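J.: If you scroll down you'll find the structure; I have some questions about it.
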Amino acid sequence: MSSEHKNAAGWRGIIQGYREHLAVGPETPIVSLHEGNTPLIRVPNFVEAIGGAFDLYLKYEGLNPTASFKDRGMTMAVTKAKARGVQVIACASTGNTSASAAAYAARAKMKCVVLIPEGKIARGKLAQALMYGATTLQMPGNFDDALTIVRELCADGAVEVVNSINPHRIEGQKTAAFEICDALGDAPDMHVLPVGNAGNITAYWKGYREYADAGESDTLPRMMGFQAAGAAPFVEDAFIDDPETIASAIRIGKPASWQPAKAALQFSAGAIDKVTDEEILTAYQMITAQEGIFVEPASAAALAGIIKLQNANKITEGSIVVATMTGHGLKDPDNAVEHAKVEATTVEPNLDAVRAAIGL
Ligand code: F0G
């Protein structure tokens with residue numbers, strides 16, 4: 001892969017970086033916030049702490065412009081909507097899609113309507129939708145109810161849906177797999193992701209396959225997805241009416257990408273399993289305190305999954321594993337403050353009090 005793709009100084013977003021793999025032409029009006037080109041960080045402290053003997057890398061998607069992986073898909077979806085002359089985009093969201101849609105709509109001078117489950121999205125994400133200026137509608141119910149309404153709202157094509165049922169979203173998101181192959185020199189042995197609608201696991205698999213077909217990589221990874229135990233329709237093999245989990249981003253009972261995700265699992269010899277909220281919180285605390293990488297609870301579901309696989313001896317010694325950290329920890333300050341292992345101590349504002357407090 002040419003070095004221009006890796007040059008952060010000149011990076012102009014995933015469409016410019018990988019345009020030969022995306023359906024855009026010279027005239028396409030690209031809407032970008034220079035998303036993508038995120039770091040792939042090796043995390044040996046975490047692997048050691050869980051007793052593993054493999055190489056783990058985290059694709060830190062929290063470092064995208066709106067702090068989640070959604071920006072990769074949104075640059076494509078909004079670019080395509082703009083090319084078609086659409087003036088209004090809409091989405092249902094557990095928070096990150098709405099933040100990203102709102103930002104790219106602002107950039108494109110479009111109107112954005114977001115429909116979110118009231119009281120169920122993390123504070124940082126709500127702040128983003130409001131600050132970027134989206135028409136923000138909250139309603140009782142969950143993500144699945146909101147998506148049903150958005151599908152109807154967008155049925156006649158006047159308003160463009162930018163959820164991952166929009167195929168351009170998947171196209172943009174597949175570029176994360178390209179970046180991983182570029183960084184490692186080939187695909188990893190295993191790729192682990194948190195799963196909600198299953199759009200992202202579908203996108204990564206598409207990316208790995210296309211890169212191999214184009215001769216840019218030689219191997220394909222095993223795709224492993226993890227759902228929260230209270231919101232695990234793939235594991236139950238049935239839709240769930242009342243999904244519940246502390247990882248609000250993946251609080252989804254009726255995944256939109258059901259069929260393509262099943263195909264990805266089948267062809268990659270992969271699987272989707274579940275992890276409890278307790279396991280998610282443990283991984284959430286570990287990765288922050290041991291590696292200095294702050295992710296939101298949904299992302300920690302992938303790490304909880306890796307711990308589960310390791311405990312069951314299911315990760316081959318010496319293998320290369322990549323996990324996607326889908327969103328930044330700052331998205332969800334309430335969970336962070338509540339579940340941090342450390343509390344702030346109030347001290348008198350003088351040196352003696354500080355020395356005493358730190359035991360010096
Ligand atoms: N991780 C985070 C941080 C997410 O925000 C999402 C989905 C996922 C994982 C799951 O990805 O749905 O492609 O399987 N968030 C959507 C939203 C539903 O509305 O922001 P998926």
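Please treat every number below as a calculation from the coordinates, not as lab data. Treat the numbers as computed from the prediction; the structure is a model and nothing was measured. Reconstructed Cβ throughout: ideal geometry from the backbone, glycine too, with neighbour counts over all protein chains shown.
J.: Answer with one residue from Ala129, Ala229, Val322: the one whose Cα lies farthest towards the positive end of the charge dipole of the chain, charges on Cβ with Lys, Arg +1 and Asp, Glu -1.
T.: Going by the Cα projections, it comes out as Ala129.
J.: Separate question: Would you mind checking the pairs Lys254/Lys341; Lys174/Lys308; Lys80/Lys206; Lys82/Lys262; Lys174/Lys341; Lys59/Lys274 and listing those with alpha carbons more than 30 angstrom apart?
T.: Exceeds cut-off: Lys254/Lys341; Lys82/Lys262; Lys174/Lys341.
J.: Something else: Can you tell me which of 267-273, 279-285 comes out highest on packing, and rank the rest after it, using the mean Cβ neighbours within 10 Å?
T.: Numbers: 267-273: 17.4, 279-285: 22.1.
The densest-packed peptide leads the list: 279-285, 267-273.
J.: Summing +1 for each Lys or Arg and -1 for each Asp or Glu, what net charge is found among the other residues whose Cβ lies under 15 Å from the Cβ of Ser319?
T.: Neighbour charge sum, excluding Ser319 itself: -1.
J.: Something else now. Extension gain Asp334-Glu20, at 0.36 nm per residue separation less the Cα-Cα distance, in nm? Write down the numbers at each step before the final one.
T.: Values: separation 314, 0.36 × 314 = 113.04 nm, distance 4.15 nm.
Residue separation times 0.36 nm, minus the Cα-Cα distance, leaves 108.9 nm.
J.: Excluding Ala301 itself, what net charge comes from residues whose Cβ is under 11 Å from its Cβ, given Lys and Arg +1 and Asp and Glu -1?
T.: -2
J.: What does the charge count around Ile30 come to, taking other residues whose C-beta lies under 15 Å from its C-beta (Lys +1, Arg +1, Asp -1, Glu -1)? Spell out each step's value before the answer.
T.: Values: positive: Arg12, Arg19, Arg72, Lys80, Lys82, Arg84, Arg107, Lys109; negative: Glu20, Glu27, Glu35, Asp71, Glu171.
With Lys, Arg at +1 and Asp, Glu at -1, the neighbours total +3.
J.: Of Leu33, Pro65, Leu193, which is farthest towards the positive pole of the chain's charge dipole, taken about the Cα centre with +1 and -1 on the beta-carbons of Lys, Arg and Asp, Glu respectively?
T.: Leu33
J.: Can you compute the modelled spin-label distance between Ile149 and Thr276, with each label point 7 Å from Cα toward Cβ, in nm?
T.: For the pair Ile149/Thr276, the computed spacing is 3.5 nm.
J.: Rank the residues Tyr211, Tyr132, Tyr204 as a footprinting-exposure proxy: fewest other Cβ atoms within 10 Å of their Cβ go first. The partial results should precede the final answer.
T.: Numbers: Tyr211 25, Tyr132 21, Tyr204 30.
The fewest-first ordering by Cβ neighbours comes to Tyr132, Tyr211, Tyr204.
J.: While we're on this one: How do Glu35, Glu179 rank when sorted from fewest to most other Cβ atoms within 10 Å of their own Cβ?
T.: With the fewest neighbours first, Glu35, Glu179 line up as Glu179, Glu35.
J.: For Ala83 paired with Ala127, estimate the spin-label separation in nm (one decimal), with each label point 7 Å from Cα along the Cα-to-Cβ line.
T.: With each label point 7 Å from Cα toward Cβ, the separation is 3.5 nm.
J.: Let me ask something else. Give the distance, in whole Å, between the Cα centre of the stretch 211-263 and the Cα centre of the stretch 36-96.
T.: Comparing the Cα centres of the stretch 211-263 and the stretch 36-96, I get a distance of 15 Å.
J.: Please grab the % of Cα pairs in the stretch 141-208 that end up more than 21 Å from each other.
T.: That tail contains 38 percent of the Cα-Cα pairs.
J.: Same structure, new question: Would you calculate a helix-derived [θ] at 222 nm for the chain, using -39,500 (n - 2.57) for each DSSP H run of n ≥ 4 and dividing by the full residue count, to the nearest 500? Mind dumping the intermediate values first?
T.: Values: 15 runs with 147 residues, N = 360.
Helix-only estimate at 222 nm: -12000 deg cm²/dmol.
J.: ³J(HN,Hα) across the stretch 316-330 via Karplus (A = 6.51, B = -1.76, C = 1.60, θ = phi - 60°), whole Hz, x for Gly/Pro?
T.: 4, 4, x, 7, 9, 10, 10, 10, 8, 8, 5, x, 6, x, 5
J.: Can you give the longest stretch of the chain with no exposed loop site, where a site means trypsin sites (Lys or Arg not before Pro) in a DSSP loop (not H, G, I, E or B) with at most 15 other C-beta atoms within 10 Å? It would help to have the intermediate numbers written out before the result.
T.: On the way: sites that count: Lys6, Arg12, Arg84, Lys109, Lys314, Lys341.
Value returned for the longest uninterrupted segment is 110-313.
J.: For the chain, place one equal point scatterer on every Cα, skip the solvent, and apply the Debye formula. What is log10 of I(q)/I(0) at q = 0.09, 0.10, 0.11 Å⁻¹?
T.: Evaluating at q = 0.09, 0.10, 0.11 Å⁻¹ gives log10 I(q)/I(0) of -0.47, -0.58, -0.70.
J.: Sticking with this one: Testing the spin-label approximation: label points 7 Å from Cα along Cα→Cβ at Leu40 and Thr346. State their distance in nm.
T.: According to this spin-label approximation, the distance is 4.8 nm.
J.: Which distance in Å, rounded to a whole number, links the C-alpha centroids of the stretch 116-191 and the stretch 305-321?
T.: 29
J.: While we're looking at this one, here's another question. 5 Å is the cut-off here: which amide hydrogens, built 1.01 Å from N in the peptide plane, fall below it relative to Met139, excluding neighbours closer than 5 in sequence?
T.: Placed amide hydrogens put Ile116, Glu118 under 5 Å from Met139.
J.: Please tell me the relative contact order of the stretch 192-296 in percent, rounded to the nearest whole number, where contacts are Cα pairs under 8 Å and at least six residues apart. If you can, show how the numbers build up before the last one.
T.: Numbers: 158 pairs, mean separation 32.8, N = 105.
Relative contact order comes out at 31 percent.
J.: Calculated FRET efficiency, Asp218 and Val354, Cβ-Cβ r, R0 56 Å, to nearest 0.05?
T.: The formula returns an efficiency of 0.50 here.
J.: Using a Debye calculation, one point per C-alpha and no hydration shell, please list log10 I(q)/I(0) for the stretch 215-342 at q = 0.14, 0.20 Å⁻¹ in order.
T.: -0.65, -1.21
J.: Tell me, what HN-Hα J-couplings in whole Hz come from the Karplus equation 6.51 cos²θ - 1.76 cosθ + 1.60 at θ = phi - 60° for each residue of the stretch 163-172, using x for Gly and Pro?
T.: Along the stretch 163-172, the couplings run 6, 6, 6, 6, x, 5, 4, 4, 4, x Hz.
J.: If you don't mind, there's one more thing I want to ask. Counting only C-alpha contacts under 8 Å and six or more residues apart, can you give the relative contact order of the stretch 116-209 as a whole percent?
T.: 23
J.: Order of Asp218, Asp332, Asp182, Asp145 from fewest to most other C-beta atoms within 10 Å?
T.: The most exposed by this proxy come first: Asp218, Asp145, Asp182, Asp332.
J.: Here's another thing I want to ask about it. Grab the alpha carbons of the stretch 1-140, take their convex hull, and tell me the volume per residue in Å³.
T.: Dividing the Cα hull volume of the stretch 1-140 by its residue count gives 144 Å³.
J.: Mind checking the dipole of the stretch 1-154: about its Cα centre, +1 per Lys or Arg Cβ, -1 per Asp or Glu Cβ, Debye to the nearest 20?
T.: Roughly 420 debye, rounded to the nearest 20.
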